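First up is the structure itself, then whatever we jot down about it.
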Amino acid sequence: MKLHLLSILTVTLILSLNVAYSQKSDSSRFNLTKASVDETARYAVWRTDFYICTGIAYAKSVGKTTEGFMKFVAETHGPTLNSMKGKGLKPVVNLINFVITNYPNGDCEIVFESEKSVKVKTNRPYISYFVEGLCLGVTIDEFEKCLWGHLQLMLKSLGIEFDYQIEGDFIEAAVTLKQ
């Protein structure tokens, strides 16, 4: 009987402590806030770009090239674009627009379009990371080669040709359906 009573008291104490500690307290020293959608988007873009630079820097540190890292990323991420296969150029152009316009100062515009080809012009909103030269040991050229080059490789697997040229502060890209 004593063992049974002790078990009941132990369970009651554990449950009471659990309830007490799971209650929200307004007296916390911390004021946890939730980021706005804009703050979340800006952070996600920054984090992605820094991961690209970190990946390139790591590849270089182990004797690999930016091209090798770019190819690895394209092969790893390539299947994520499979849902675009057979849907024309609209989802691809929207993806490019989405990537660029998620930067606070990103701009993307269509400068030419036909049934099988679209040309877009974007700014280079990520160049601020490279104002001082290198970003995590990576040049702007290496970053852009990976950013745009992996997209080029991924789209090729969908039967879409992606060519781009960097001219000053802008990128001109052509997306062409090859099917």
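Remark: relative contact order (segment 37-177) = 28 percent; criterion is Cα-Cα distance under 8 angstrom and separation of 6 or more residues.
Across segment 68-76, computed HN-Hα scalar couplings (Karplus, 6.51 cos²θ - 1.76 cosθ + 1.60, θ = phi - 60°) run x, 5, 4, 5, 4, 4, 4, 5, 6 Hz from first to last residue, x flagging Gly and Pro. Taking amide hydrogens as placed 1.01 Å from N in the peptide plane, the amide H of Y103 sits under 5 Å from that of no residue at least 5 positions away in sequence or on another chain. Neighbours of F143 by Cβ distance under 11 Å: Lys/Arg scored +1, Asp/Glu scored -1, total -2. Per-residue extension of 0.36 nm, minus the Cα-Cα distance of Y43 and F30, leaves a gain of 2.5 nm for this segment. Note that segment 43-56 has calculated 3J(HN,Hα) couplings of 5, 4, 5, 4, 4, 4, 4, 5, 5, 4, 5, 4, x, 5 Hz, one per residue in order, obtained from phi through the Karplus relation 6.51 cos²θ - 1.76 cosθ + 1.60 (θ = phi - 60°); glycine and proline are x. Projected onto their three principal axes, the Cα atoms of segment 37-177 cover extents of 43, 31, 30 Å, largest first.
For T139, no residue whose modelled amide H falls within less than 5 Å of its own remains once neighbours fewer than 5 places apart on the same chain are excluded. For H77, H150, which order do you get if you count the other beta carbons within 10 Å of each Cβ and list the fewest first? Least to most surrounded, the residues fall as H77, H150.
Values quoted throughout were computed directly from the atomic coordinates according to the rules given, and no laboratory measurement underlies them. Just so you know, these numbers come straight off a predicted model, no measurement behind them. Note: ideal-geometry Cβ built from the backbone for every residue, glycine included; neighbour counts use all protein chains shown.
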